[in-house]
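Step one of this worksheet: look at the structure below.
The values are calculated or read from the model by the stated rules, or taken from the named source; none is laboratory data. Because the structure is a prediction, the values reported are computed rather than measured. For neighbour counting, all protein chains shown are included, and Cβ atoms are generated from backbone atoms with ideal geometry for every residue, glycine included.
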Amino acid sequence: MTSVLEIDKLTVSFSTPDGAVEAVTDVSLSVEAGECLGLVGESGSGKSQTFMAAMGLLADNATANGHIRLDSMDLLSASEKKLNTVRGERIAMIFQDPMTSLTPHMKIGRQLAEVLIEHQGVDKETGRRRSREMLDRVHIPEAERRLDMYPHELSGGLRQRVMIAMALMCEPEVIIADEPTTALDVTVQAQILDLLTEVKDDLGAAIVLITHDLGVVAGLADRVAVMYAGRIVEQGTVADIFAAPTHPYTQGLLACTPRLDVETEALVTIAGQPPNLQNLPSGCSFHPRCPHVFDRCKAERPSLENLSNGQAKACFRAAQEAAE
Amino acid sequence: MWAYFTRRLFIAIPTLWVVITVAFFLMRLAPGGPFDQEAPLPPEIMANLKAAYGLDQPLWWQYVNYLGNLLQGDFGPSFKYKDFSVTELIGQGFPVSIQNGAAALFIAVLIGIPLGAMAALRQNSGADHAAMTVAMTGIVIPNFVVGPLLALIFGIWLRDTMFALPVAGWNNGALPNRILPVICLALPFIAYIARITRASLIETLRTNYVRTARAKGLPFRMVVLRHAFKSAMIPVVTYLGPATVFLLTGSMVIETIFGLPGIGRYFVQGALNRDYTLVMGVTILAASLVIFLNLLVDMAYAWLDPKVRYE
């Protein structure tokens, strides 16, 4: 299988009054058609910015280097005009906060149809019909009536379904879902995840699922990449990562996930704070919080190395243990 | 919506009554009276004058009388402009003020909004800074400086060119006579509207829904016009309500500088002269305009933001 979206050595930095801040460093990722890649990390780890760069939606004070290829087209170097031919058409994004991500003064139907009208040049009538079909498809009841509603007349869960419908309008090859369930009730979260699974199976699209919730990843993703302080620290299939996480950060994340089947007194946390991107620790960014830290970690930065089973990690620990 | 509109109009009646009552008694609390002069009148003449205008009656009776006349549409005679009723004075002056004010408002909106939008879309560029500097200048230079300056330029320096413009007089509303006062009236409003538009549009362009619109691959022009513009207009509309009242009721300064027979001067002169009926007349006019424009602004909100619904 060939990858639809390929990110190659992406670096994103923001110029701030206090100097440049690198939010994403040397990130390489790829997704294949019909595959779901989970991108996991704490807030500020750079997971969202990586794909904001792909959508050309970085803030004005950001600069991105590297390559992001959709087939042969380099999204990073593409002009806004050229980008607009693929955004919404071949690569779509579902945003984190459905409450504020829909235009408040436009009816749902018009917001959905305009994607088709813009990219496929369909007339208003067709746009409306296909918008209604799409609302049906994402299981919104009374689709016809919803078309004439304003966003504030819908619940959060319905609005997120509308966001998903909007992303699906042109049946894109790549769908980026940025924390699609974070702002929703737990019961609604499950429904939205079911819907995304359905979409993945039906459409054969590549899905990138950006989240800090490992439970969400376990349910939906095929592969996982874990980000810390702007870098990928571990990558592999869901089964491998969950069964045998090799990076101490991934291990920590997994340990933090509360489990109902194990009785615990207190919730587990990873000690310390996520690092300040303006002042990263020397060597491995994770070393101040790592339970297995040794001298080399403080002096040298581990690079992302492939393991035999297709997993990759950026950690010296195994090498150290082998040497001992 | 229409039911709401009519109900608001009905609520305006008690509001106006309160305004009238407060204004009536406040006016009488102020020392002095309409017939006071530097050289005091003989007491007999003063008594006759007061009797002629009903000022010898008890205050509450004057108030009841005034309200009664008002209900019949009679604002009473002016105490200072002899032989004129307040209705006549307002009837002559208000059309002049309203025409100039409406023209200035139109120009202010037509230039201010595009100027502010342009500055917002080119945020922190040279064009943005230039536009905002000009706008700030327009705000800080008072119109009693701008007015004579314009008169100097177009009335004296350009006197012999095709750009020469009359600097005073109404001349029955001839176009050239209107140009300078309208420009002078509009300038600070252009500046305010431009600044509000800029700030508001910049904020709207940072919202999540504008990001969604961009992620759909819509051309930027469409993102701005269709998704951002309407929300960005809400603060502008809020400002336009009181601004319109100010413009339509005439500006004393500008009407004095350009010698226009508007009603702006009545606000000040009426108060200074203790011209009780005239002050009441312009107060009622201004209050009605404020009430009506607030209603219009509220209606505009409902159009700009569907979350606002009046039942």
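Residues of region B:198-209 that are crowded, with 20+ Cβ neighbours inside 10 Å and at the interface with another protein chain (Cβ under 8 Å from one of its Cβ atoms): B:Tyr209 alone. Inspect region B:263-280 for any residue being in contact (Cβ under 8 Å) with a residue 12 or more places away in the chain, under 19 Å from B:Val18 (Cβ atoms) and not hydroxyl-bearing (Ser, Thr, Tyr) and give the result as yes or no. Checked region B:263-280: at least one residue is in contact (Cβ under 8 Å) with a residue 12 or more places away in the chain, under 19 Å from B:Val18 (Cβ atoms) and not hydroxyl-bearing (Ser, Thr, Tyr).
Condition check ((1) farther than 24 Å from A:Thr182 by Cα; (2) within 14 Å of chain B (Cβ to nearest Cβ); (3) touching a residue at least 40 places away in the same chain (Cβ under 8 Å); (4) in contact with a Cys (Cβ under 8 Å, 6 or more places away or on another chain)) across all residues:
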position: A:Thr2; (1), (2), (3), (4): yes, no, no, no
position: A:Glu22; (1), (2), (3), (4): yes, no, yes, no
position: A:Leu37; (1), (2), (3), (4): no, no, yes, no
position: A:Leu57; (1), (2), (3), (4): no, yes, no, no
position: A:Ser79; (1), (2), (3), (4): yes, yes, no, no
position: A:Leu83; (1), (2), (3), (4): yes, yes, no, no
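Residues in region B:243-264 that are in contact with a Ser or Thr (Cβ under 6 Å, 6 or more places away or on another chain) and not hydrophobic (A, V, I, L, M, F, W, C): 3 in all. Figure legend. Inter-residue proximity from region A:85-99: first residues within 8 Å of chain B (Cβ to nearest Cβ), second residues surrounded by fewer than 23 Cβ atoms within 10 Å (Cβ to Cβ) and of a type in the set (Ser, Thr, Tyr), beta-carbon distance below 9 Å, spacing 6+ or different chains. Indicated pairs: A:Asp97/A:Thr182. Contact map, region B:81-96: first residue assigned to a helix (DSSP H, G or I), second residue of a type in the set (Ser, Thr, Tyr) and buried (at least 17 other Cβ atoms within 10 Å of the Cβ), Cβ cut-off under 8 Å, separation 6 or more or different chains; pairs are B:Val86/B:Ser78; B:Val86/B:Thr277; B:Leu89/B:Ser78; B:Leu89/B:Tyr81; B:Leu89/B:Tyr266; B:Ile90/B:Tyr266; B:Gly93/B:Tyr266.
Within region A:100-109, the residues that satisfy the criterion of being at the interface with chain B (Cβ under 9 Å from one of its Cβ atoms) and not hydrophobic (A, V, I, L, M, F, W, C) are A:Thr100, A:Ser101, A:Thr103, A:Pro104, A:His105, A:Lys107. Can you say whether B:Ile284 is in a helix (DSSP H, G or I) and closer than 23 Å to B:Leu16 by Cα, as far as the supplied structure shows? So B:Ile284 fits the description; yes. Just for region B:211-248: of the residues that are surrounded by fewer than 19 Cβ atoms within 10 Å (Cβ to Cβ), aliphatic (A, V, I, L, M) and closer than 19 Å to B:Gln123 by Cα, which one is nearest to the other protein chains (Cβ to nearest Cβ)? For region B:211-248, the residue satisfying everything is B:Met222. Here B:Phe189 clears all of (1) touching a Ser or Thr at 6+ places or on another chain (Cβ under 7 Å); (2) crowded, with 22+ Cβ neighbours inside 10 Å except the condition numbered (1). Scanning region A:5-47 for residues that are assigned to a helix (DSSP H, G or I) and surrounded by fewer than 24 Cβ atoms within 10 Å (Cβ to Cβ) yields a total of 0. The helices (runs of 4 or more DSSP H) found wholly in region B:156-256 and carrying at least 3 residues that are among the polar types (S, T, N, Q) occupy B:175-205. Tell me whether region B:269-276 contains one or more residues that are under 27 Å from B:Ile183 (Cα atoms) and either surrounded by fewer than 18 Cβ atoms within 10 Å (Cβ to Cβ) or at pLDDT below 90 (or both). Scanning region B:269-276 turns up at least one residue that is under 27 Å from B:Ile183 (Cα atoms) and either surrounded by fewer than 18 Cβ atoms within 10 Å (Cβ to Cβ) or at pLDDT below 90 (or both). For region B:90-139, a residue qualifies if it is aromatic (Phe, Trp, Tyr) and within 16 Å of B:Leu187 (Cβ to Cβ), and exactly one does: B:Phe106.
For region A:111-128, filtering for residues that are facing chain B (nearest Cβ under 9 Å) and surrounded by fewer than 22 Cβ atoms within 10 Å (Cβ to Cβ) leaves 1. Enumerate the pairs (first residue in region A:230-250 and without any contact (Cβ under 8 Å) to a residue 24 or more places away in the chain; second residue anywhere and of a type in the set (A, V, I, L, M, F, W, C)) with beta-carbon separation below 7 Å, excluding pairs fewer than 6 apart on the same chain, so at least 6 apart or on different chains. Pairs found: A:Pro245/A:Leu254.
Count of region B:254-311 residues, restricted to those that are farther than 28 Å from B:Asn171 by Cα, more than 14 Å from every other protein chain (Cβ to nearest Cβ) and charged (D, E, K, R), is 3.
Screening B:Gly33 with (1) small (Gly, Ala, Ser); (2) outside any loop (DSSP other than H, G, I, E, B); (3) surrounded by 13 or more Cβ atoms within 10 Å (Cβ to Cβ) gives one miss only, at (2).
Residue-wise test of (1) in a helix (DSSP H, G or I); (2) among the acidic types (Asp, Glu); (3) in contact with a strand residue (DSSP E or B) (Cβ under 7 Å, 6 or more places away or on another chain).
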site	(1), (2), (3)
A:Arg159	yes, no, no
A:Met163	yes, no, yes
A:Ile175	no, no, yes
A:Thr181	no, no, no
A:Gln191	yes, no, no
A:Asp194	yes, yes, no
A:Glu198	yes, yes, no
A:Asp202	yes, yes, no
A:Ala218	yes, no, no
